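K.L.:
Take this structure first; my questions come after.
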Amino acid sequence: MAQETQDADNKMWPPHIEKIFIDIMVDEQQKGNMEHDVFKAKAWLSITKTLNEQIVKSFLPKQVKDKHNRLRQKQRKWGQFLRHTKLISNKTTQTVTASEEVWANVVAGDSMVAALQKKGSAPDSDEERALKEELANEARHTQLGDDDCYNPNMEGKTQDDSLVDEQTQRADKRPMEEPTTKGKKVAKKVDRVSEMTMALQEYTVLAREGFPTKGESLMDCKVTKKGSSYYEFRRNSRSVKPTILHFQLRNLVWATSKHDVYLMSNFSVIHWSSLNCTRQEVLNVSGHVAPSEKLPGSLLEGFTQTQVSSLSVKEKQLLAGGFQGELICKHLNRLGVSFCSRTTSDDNAITNAVEIYVSSRDFDMEKFQLSKHFQFPWPVNHTSVSPDGKLLTIVGDNPEGMLVDSQTGKTVMTLCGYLDFSFASAWHPDNVTLATGNQDKTCRVWDVRNLSKSVAVLNGNIGAIRSIRYSSDGQYMAMAEAADFVHVYDAKNGFEKEQEIDFFGEIAGISFSPDTESESLFIGVWDRTYASLLGPKISSNVRKLVTSGHAEREIDVEELSLTLNLKKV
């Protein structure tokens, strides 16, 4: 019965709704509406109304209060667990030990803690990740001075300084100080919301650092030489404010040329031109959106207040996926929306990823008709199609990914080695190499000719790998963590070298420009203070091509491109 109740709660309160609910409670408490450590009836009405407006649901105040009580019970449970001071942490072996008597007291009546004792730390729940990332984001910011003075760190680091830099960056960006009451009066009334979130955060840290953890996967990680400068700082556009809606879905930035990029900003899809420094709203889904064309299968009634979770822009087409399975299709050279549909009728179904392909399409973009539909035993978080259109990469809520036949949906090979769930994938233009990103902080590179083991394991600094992109010529691969770091690797030379781009803020998405040299790299940064669109350009040193013959000389890549185009004409 308890399991059935938990399953029902998970269905009604998926992670992203739970996170929104906690944020609203925190905001309400900060407004001073939590009198004597309790939300009054008026506050509950306000919380319920705000929650329903943001998630387009119809929760009753009693349902909201009951959920709050369940979260408090969970907080108390982990709080009790954390107060067992006889747990001994060994930082060298990365284990936690205790006497049988202590373990018996901890485990009694709690199957989840028993599982931790038996097999170590399982992958964090979505709720724990959301709370941890939100709290870390709240905690890390300091006063940086004038807005216009903030620039990301585009400079590479030397190999000798990498360890010192990493320790400094982690200390600056993710302070994990132990709570102390020294020199302060302890209030009798405790902020229950803060206590709840802090206890869950502390449990997550304990689970990651105390028990046998995902650190085991770091043993296989490739040691790369940092300090390269493939892209250099060009512009940080503060007038563009990228946003994210779900903490795990970060593919909301798409470049269509070296000067044009599309991104989500609240309820709007924005087109930004770095050439003219102008922004234009392309699509607004805050109100009612309905298709202007009558096509078979289109929902003519459209949608209202669509919460966009995924985006793709390519070949003058725009696709937007929503939190309730919505799919909105638009031609960029036409007025209005062309097609509206739902990818599923299941409750709480999110459109995790959408992408437009020229060679192989699961959804016919000419007639907007579904051409293929494959189902898998676990939620799919991201897919990518091989350049020749024959294979699909499937990753999701399973440590193992899959390569499947794009025509039949049959599994060709599994991708093994991860310890957590994956949310990113990308194919190299050579049609042989692909990469997948995981929440265990690693990106794995695969060769389709031998998928028994990944050819390289690349490690992030502080968090999950949420987005991966290859440059058009396959020279570079960029991978984005959830916040603060984008890594650019020299893919054509075995991932031996990398450039680390360091800044403040959650990452909404990354995108290379589709021109031959991938001259621009766009990075969407979501931050309450420093939201912006970073637009690094390829380094002037990299844009020179050395040719060998009787004599070596440097040729500007732009000049070479022009010569080739003239020969074609």
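The values are calculated or read from the model by the stated rules, or taken from the named source; none is laboratory data. Values in this document were obtained by computation on a predicted structure and should not be read as measured data. In this analysis, Cβ positions are derived from the backbone assuming ideal geometry, glycine residues included, and neighbour counts consider all displayed protein chains. Accessible surface is based on the protein model in full, side chains and every heavy atom, while ligands, DNA and RNA are left aside. Shrake-Rupley method; radii C 1.70, N 1.55, O 1.52, S 1.80 Å.
K.L.:
Please compute the length gained on full extension between Ser452 and Ser371, using 0.36 nm multiplied by the number of residues separating them and subtracting their Cα-Cα distance.
P.N.:
My answer for the length gained is 26.0 nm.
K.L.:
Too long at a 28 Å Cα-Cα cut-off: which of Lys19/Lys537; Lys316/Lys390; Lys372/Lys497?
P.N.:
Going by Cα-Cα distance, Lys19/Lys537; Lys372/Lys497 fall outside the 28 Å limit.
K.L.:
Let me ask you something else. For a protection proxy built on the mean count of beta-carbon atoms within 10 angstrom, sort 403-415, 485-497 highest first, please.
P.N.:
The peptides rank, most packed first, as 485-497, 403-415.
K.L.:
Estimate the FRET efficiency between Lys316 and Asp9 by the formula 1/(1 + (r/R0)^6), using the beta-carbon distance for r and 41 Å for R0, to the nearest 0.05.
P.N.:
My answer for the efficiency is 0.40.
K.L.:
Based on C-alpha coordinates, I'd like the Rg and Dmax of region 466-533, in Å.
P.N.:
Over region 466-533's Cα set, Rg and Dmax evaluate to 12.1, 38 Å.
K.L.:
Find how much the distance from Leu275 to Thr529 grows on full extension, using 0.36 nm per residue of separation minus their present alpha carbon separation; answer in nm with one decimal.
P.N.:
Net length gain for the segment: 88.9 nm.
K.L.:
Continuing with the same structure: Using 0.36 nm per residue of separation minus the Cα-Cα distance, give me the extension gain between Leu332 and Asn284 in nm, one decimal. Walk me through the intermediate numbers first.
P.N.:
Working: separation 48, 0.36 × 48 = 17.28 nm, distance 1.33 nm.
Value of the extension gain: 15.9 nm.
K.L.:
A further question follows. What ranking of Thr351, Thr516 comes out by heavy-atom accessible area, probe 1.4 Å, highest first? Don't skip to the end; give the middle numbers.
P.N.:
Numbers: Thr351 10, Thr516 100 Å².
In descending accessible area the options line up as Thr516, Thr351.
K.L.:
In whole angstrom, note down how far apart the Cα centers of region 424-475 and region 290-344 are.
P.N.:
One Cα centre to the other: 30 Å.
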